[in-house]
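Heads up: the structure comes next, in C-alpha cells.
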Number of protein chains: 2
Amino acid sequence: MTPITRSALLSSLQWRYATKIFDATKTIPEETWQALEEALVLTPSSYGLQPWRFIIVTDQELKQKLRAHSWNQAQVSDCSHYVVFATLSKMSEAEIDKFIAHTAKVRGVSPDTMAGYRGMMIKDIVHGPRGQSSHEWSARQAYIALGNFMTAAALLRVDTCPMEGFAPAEYDKILGLTPRGFTAAVCCAAGYRSESDKYAALPKVRFDLEHVVERI
Amino acid sequence: MTPITRSALLSSLQWRYATKIFDATKTIPEETWQALEEALVLTPSSYGLQPWRFIIVTDQELKQKLRAHSWNQAQVSDCSHYVVFATLSKMSEAEIDKFIAHTAKVRGVSPDTMAGYRGMMIKDIVHGPRGQSSHEWSARQAYIALGNFMTAAALLRVDTCPMEGFAPAEYDKILGLTPRGFTAAVCCAAGYRSESDKYAALPKVRFDLEHVVERI
C-alpha cells in the first residue's frame, strides 16, 4: 500500500544537502527531469491558485548571465537544470478568474457554480489584508514548491541547492518577467554533486528533535 | 540506487489532496508519525538556520480552542495530528550564535573558525535589508517545511490539509508563543481522509504543464 518505506524517505532526506559544487559534465536524464517538472506542477498552493511559473534554465549563456547576479555562485552555471520560481507580483480579479475558468473546465461545471468560492478568494487575496502584500503571499507559495521539489529530487537521487542569494530585479529583467507581472521569488539549482564537494561528507547540522518539535 | 520510482513519487502526489473531512476515529501510528517528525527536522532552510518550532497538537481540548480561531474549520479538531509551524518573529545575533555553537559542536570545530560565516549571516538576516522583514524570511522557511511535510506524508499515505486560514495572534496567545519570540506562520492538519469526503474523488485542478513550466 505505502509506496515508500519510512527508511527510504528518511535516508533520502539524510542524503540530501545543499550542493556547493556540481559536476558540470553531468546532465539530469530527460525522463527524470520530466518527473520533477510534474512534481512541481502537482505542488499544493493556497486555494489551489498556483500563482507561479517555473522557469527552467539549461542554456549555458543564460546561466552565466544569471550567475553574475547571484553573488557569482558556481552552482548557477555548473548545475544541470536551474529553476527560477517566479511568482505573481500582485493578485488580481483577472488571475482569480483564470483559475475559476480552468477549474470549471477540469471539473465540467459552470464557472457560475463557483461564485461563492471566487468571492471569498477575491475578498481575501485581492481586496483583503493579504491583498496588500499579495506578492509575499505568492512568494510563500513558491517556497512550498521549493520544499516539494527538493524532497522529490532527493527521492530520485538528484542533487539540489536552494538559492536566495540573487538580485530579483536583475533576474526579472533578464528573464523578461516584469512586463508579464511576475518576479523571481527563489531559485534552485539541480544536478549531480561533484566528487570534489567536501560538503557532501560533512555531518548534517540540525537542532535536536526535542529542541524543535513540541508535542502538546 | 534510487529509493523510489518516478511513478511512486508522482502517484503519491496525485493521491494527495487538501483533505476537507478527516476520519476523527483514525490516529496516525506512532512509528509513522515519528518518521514525519524526523522529516520535518531534516527540512532545508536558508543558511541552515532552522528558525522554527514544530508544535504538534493532539490534545482534543486544545484543538477545539484553536479551531475557534481557524474559521471553525473541522480539519483542526478532526485530524489526528495538527502541526503549527511557528517561526522566529525577529532574527537576532543571539539566534545566529545558537546556530553557530550547535554547528561547531556537531562538526567538532571551534566556533571561531566560523566567524566569517557568522558575520555574513548577521549582515544579511539581522542588520541587512532582509533583517527589516526577518519575520517574513522566517515564514518563508516554514513553507519549505510545509512543502516537504506534505510530500513526505503523501509518500507514507498520510493525508494532510495545509491551513492559512487562522488568526496568528490568537494562536500565539493560546500556545504561549509570543514571550518566546515565536509566531504561528502556517499550519497543517494530518491524519486520514473520511470516506464521506467527496473532494477526494474530484479531479485534481492544475494548470497545464506547458502553461506553468517554461524551458529556456
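The values are calculated or read from the model by the stated rules, or taken from the named source; none is laboratory data. As the structure is a prediction and not an experimental result, all values here were calculated from the model. Here the Cβ positions follow ideal geometry from the backbone for every residue, glycine too, while neighbour counts run over all protein chains shown. Ligands, DNA and RNA are stripped out before the accessible areas are found, and what is left, the full protein with its side chains, is counted by its heavy atoms. Shrake-Rupley method; radii C 1.70, N 1.55, O 1.52, S 1.80 Å.
Helix-derived [θ] at 222 nm for chain B: sum -39500 (n - 2.57) over DSSP H runs of at least 4, divide by residue count, nearest 500?
Details: 9 runs with 89 residues, N = 216.
Helix-only estimate at 222 nm: -12000 deg cm²/dmol.
In square nanometres, what is the average projected area of the Cα convex hull of the range A:30-194?
The directionally averaged projection comes out at 10.2 nm².
Quick one: which residues, 5 or more positions from B:S89 or on another chain, have an amide H under 5 Å from its amide H? H modelled 1.01 Å from N in the peptide plane, none for Pro or chain starts.
B:F182, B:T183
Using all Cα-Cα distances in the range B:106-216, what percent lands in each 10 angstrom bin from 0 up to the longest?
In order of increasing distance, the bins hold 10, 23, 30, 24, 10, 2 percent.
May I ask you to report, in nm to one decimal and beginning with the shortest, the distances from B:D208 to the same position in the other copies, taking label points 7 Å along Cα-to-Cβ?
Result for B:D208, in nm, nearest copy first: 5.5.
Report the residue of chain A with the smallest Cβ-to-axis distance, using the rotation axis that brings A onto B, in whole Å.
So the chain A residue sitting closest to the axis is A:G147, 1.
Using only the Cα atoms of the range B:97-158, construct the convex hull and provide its projected area averaged over every direction, in square nanometres to one decimal.
That works out to 5.7 nm².
Residues of A:28-36, mean number of Cβ from any other protein chain within 10 Å of their own Cβ, rounded to a whole number? It would help to have the intermediate numbers written out before the result.
On the way: counts 0, 0, 0, 1, 2, 1, 4, 6, 3.
Taking all residues of A:28-36 together, the mean is 2.
Which distances, shortest first and in nm, link B:G165 to the matching position in the other copies, using label points set 7 Å out along Cα to C-beta?
Label-point distances to the other copies, shortest first: 4.1 nm.
Which of the helices in chain B, when you take each full DSSP H run, stretch at least 27 Å along the axis at their Cα atoms and have an average Kyte-Doolittle score of -1.0 or higher? Mind dumping the intermediate values first?
Details: long enough: B:134-155 (32 Å, 0.20).
Qualifying helices: B:134-155.
Near B:S138, within a Cβ-to-Cβ distance under 15 Å, what is the net charge of the other residues, with Lys and Arg +1 and Asp and Glu -1?
Details: positive: A:R140, B:R53, B:K90, B:K98, B:R130, B:R140, B:R180; negative: A:E136, A:E164, B:E95, B:D124, B:E136, B:D172.
Counting the neighbours of B:S138, the net charge comes to +1.
With viscosity set to 0.890 mPa s and temperature to 25 °C, compute the Stokes-Einstein D of the protein assembly as shown, Rh being the Kirkwood radius across alpha carbon pairs; µm²/s, no decimals.
Working: Rh = 22.1 Å.
Rounded, D is 111 µm²/s.
Residues with amide H under 5 Å of B:V213's amide H, sequence separation 5 or more or different chain, H placed in the peptide plane at 1.01 Å from N; which?
A:F54
What is the average number of partner chain Cβ atoms found within 10 Å of a Cβ in A:53-61? Numbers along the way, then the final one.
On the way: counts 5, 5, 5, 4, 3, 2, 2, 0, 0.
Counting Cβ atoms of other protein chains within 10 Å of each residue's Cβ and averaging gives 3.
Could you tell me what percent of the accessible area of the protein assembly as shown is made up of carbon and sulfur, with a 1.4 Å probe and every protein chain present? Before the final figure, lay out each step's value.
On the way: 9770 of 17870 Å².
Looking at the protein assembly as shown in its full context, I get 55 percent from C and S.
What translational diffusion coefficient, in µm²/s and rounded to a whole number, does the Stokes-Einstein relation yield for the range A:59-131 at 4 °C and a viscosity of 1.567 mPa s, taking the hydrodynamic radius as the Kirkwood radius over Cα pairs?
Details: Rh = 15.3 Å.
So the translational diffusion coefficient is about 85 µm²/s.
Can you tell me the FRET efficiency between B:V205 and B:K123 if r is taken as the Cβ-Cβ distance and R0 is 41 Å, rounded to the nearest 0.05?
Numbers: r = 43 Å, r/R0 = 1.05.
E between B:V205 and B:K123, to the nearest 0.05, is 0.45.
Need one value for B:134-143: mean number of C-beta atoms belonging to other chains within 10 Å of its residues' C-beta atoms.
Average per residue, whole number: 4.
Test of the criteria: in the range B:154-216, which GluC sites (Glu not before Pro) are in a DSSP loop and have at most 10 other Cβ atoms within 10 angstrom of their Cβ? Write out the running numbers ahead of the final one.
Working: sites: B:E164, B:E170, B:E195, B:E210, B:E214; in loops: B:E164, B:E195.
Qualifying residues, ordered by number: B:E195.
Counting other C-beta atoms within 10 Å, and keeping those with at most 14, which DSSP coil chymotrypsin sites (Phe, Trp or Tyr not before Pro) do you find in the range A:47-80? Don't jump to the answer; show the numbers that get you there.
Details: sites: A:Y47, A:W52, A:F54, A:W71; in loops: A:W71.
Filter output for the range A:47-80: A:W71.
Which distance in Å, rounded to a whole number, links the C-alpha centroids of the range B:154-211 and the range B:56-88?
10 Å
If we hang a label 7 Å off Cα along the beta carbon direction at B:S92, how far is it from the matching labels on the other copies, in nm, shortest first?
Relative to the other copies, B:S92 has label-point distances of 4.3 nm.
What total accessible area, in Å², is buried where chains A and B meet, using a 1.4 Å probe and rounding to the nearest 100? Intermediate results must be reported in sequence, preceding the final value.
On the way: alone 12770 and 12780 Å², together 17870 Å².
Chains A and B together bury approximately 7700 Å².
What are the equivalent ellipsoid semi-axes of the range B:1-118, built from the alpha-carbon gyration tensor (square roots of five times its eigenvalues), in whole angstrom, biggest first? Walk me through the numbers on the way to the answer.
Numbers: eigenvalues 233, 99, 32 Å².
Working through the eigenvalues yields semi-axes of 34, 22, 13 Å.
Long-range amide H contacts for B:M163: which residues qualify at under 5 Å (H placed 1.01 Å from N, peptide plane, sequence gap of 5 or more or a different chain)?
B:C187, B:C188, B:A189
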